[in-house]
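Heads up: the structure comes next, in structure tokens.
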């Protein structure tokens, strides 16, 4: 309940303060790909589907697969910048407001990532909302290593406190960690 309060307050503040940034990225994204927003079905709390929203970083015709399976050539120049600065994640603040995600939690996977779904199910990861950042992200553990990722996610859930919640957010904001890497 306390984390949900933090999620709503911080996401609302983020959206209000960063609204001009949203507009600039939308405009540049429209010029870059013609479709600045990317929507994709992801696995949420209790394995319920939800539509994740991000700024588009890959060409519109890129196949919908896990990022580590996507071709590096699919990433646009603007997309590379958005990924490096993590600005592509900003629209997920709306997913947080809607209660589909938290600021801190395991990154939501795709339904076709069977091994990841199995590992996370066994570790109890689907008992909480997925998040924008967390323990695995700041330690650069991505979805290409499902067993390791589920282990990190379970550890984060087990040790989550107000202190670690804010620590994950601050470390992410200061540039620690990275997102899922595309194949080279």
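Brief remarks on what is shown
- Selection from region 43-64 of residues that are under 15 Å from the mean Cα position of the chain (by Cα) and within 26 Å of residue 24 (Cβ to Cβ): 51, 52, 53, 54, 55, 56, 57
- Residue check for residue 55: touching a strand residue (DSSP E or B) at 6+ places or on another chain (Cβ under 7 Å), under 18 Å from residue 133 (Cβ atoms) and surrounded by fewer than 21 Cβ atoms within 10 Å (Cβ to Cβ): no
- Scan of region 27-46 for residues that are under 19 Å from residue 85 (Cβ atoms) and surrounded by fewer than 14 Cβ atoms within 10 Å (Cβ to Cβ), ordered by number: 27, 30, 31
- Residue match in region 110-122 (condition: within 24 Å of residue 170 (Cβ to Cβ) and surrounded by 13 or more Cβ atoms within 10 Å (Cβ to Cβ)): no
- Enumeration of residues in region 97-106 that are under 28 Å from residue 59 (Cβ atoms) and either at pLDDT below 95 or surrounded by fewer than 24 Cβ atoms within 10 Å (Cβ to Cβ) (or both): 98, 100
- Residue that is nearest to the chain's Cα centre (by Cα) [pool: residues in region 17-26 that are under 17 Å from residue 83 (Cβ atoms) and either at pLDDT below 95 or surrounded by fewer than 13 Cβ atoms within 10 Å (Cβ to Cβ) (or both)]: 21
- Restricting attention to region 147-159 and to residues that are under 15 Å from residue 109 (Cα atoms) and within 16 Å of the chain's Cα centre (by Cα), the residue that is surrounded by the most Cβ atoms within 10 Å (Cβ to Cβ) turns out to be 153.
The values are calculated or read from the model by the stated rules, or taken from the named source; none is laboratory data. Keep in mind it's a predicted model, so treat the numbers as computed, not measured. Positions of Cβ are generated from backbone atoms using ideal geometry, with glycine treated the same way; all protein chains shown enter the neighbour counts.
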